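Everything below concerns the one structure shown next.
The values are calculated or read from the model by the stated rules, or taken from the named source; none is laboratory data. From a predicted model like this one, the values you see are computed outputs, not experimental measurements. Positions of Cβ are backbone-derived with ideal geometry, glycine not excepted, and every protein chain shown enters the neighbour counts.
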Amino acid sequence: GILFLCILAYKLFFYLDALEEKRLVQKNASIVRLSPSQIGQIKEGDIILRRGYGYFSDMIAERLNQKPYDVTHSGIIVKEHGKWIVIHSLSSDVSSINGVQKQALEDFLMHSQPNKLLITRFKSDIIKTNDEIAGLAKYHLNKGIPFDLIGNYEDSSSMYCTEFILHIIDQDLKLLKIPNENTGREKFLKTMKGMYDTNYFKIIVNTYQSN
């Protein structure tokens, strides 16, 4: 009985969260998230981070960031048939697809709070790194990888949003040196901070500056 109530409460939380997100997306639908000049700065393989709507996003924003950024979700920008899309990983609790999936950039932006977007680019001396990140994002998309609910970075059979990105740069390309010390490693892997850490990433677009 207790287990049933816990599951019911869990499902109810995400149901109400989805309703709140939908309401706020519709309310702010007319607000432009990225200008044409900002979109013009994007390259395939760039990382996009947004501050989402809803109660669950509020918890991530508060606990897993550092000021002034309170981003809650991330993905990799690529081109498909000449149009920008975002490849990212979401749970079936908040998406009709469980795990790694693609979404038109315009739709991804609609689910971001206004003036709360970052686009970052991994710092690399290798010219083709961004292209390699984009290519690997498409590769993992085609594998149909489910969402990682446990948060186990060492197991790549499922991936949460930042794990998807870090796996490509760290394990596939072997270009990222994640801290070995337990506290630093946990902080890097289990928060949003690593995605805009300027030791590793260059911030290309920052709409927080408009706040």
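Side notes on the structure shown:
Residue-by-condition table, conditions (1) of a type outside the set (A, V, I, L, M); (2) at negative phi; (3) modelled with pLDDT under 90:
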residue	(1), (2), (3)
Asp155	yes, yes, no
Tyr160	yes, yes, no
Glu163	yes, yes, no
Asp172	yes, yes, no
Ile178	no, yes, yes
Glu181	yes, yes, yes
Arg185	yes, yes, yes
Lys193	yes, yes, no
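- Scanning the range 8-26 for residues that are at pLDDT below 90, surrounded by fewer than 13 Cβ atoms within 10 Å (Cβ to Cβ) and not hydrophobic (A, V, I, L, M, F, W, C) yields Tyr10, Lys11, Tyr15.
- Unique match (being closer than 16 Å to Ser112 by Cβ, within 19 Å of the chain's Cα centre (by Cα) and among the small types (Gly, Ala, Ser)) among Ser30, Ser35, Ser95, Ser91: Ser95
- Looking across the range 11-41 at every residue that is polar (S, T, N, Q) and touching a residue at least 24 places away in the same chain (Cβ under 8 Å), the one that is nearest to Lys79 (Cα to Cα) is identified as Gln41.
- Applying the criterion of being farther than 17 Å from Ile133 by Cα, touching a Lys or Arg at 6+ places or on another chain (Cβ under 8 Å) and among the hydrophobic types (A, V, I, L, M, F, W, C) to the residues of the range 64-97, the residue that is surrounded by the most Cβ atoms within 10 Å (Cβ to Cβ) is Val71.
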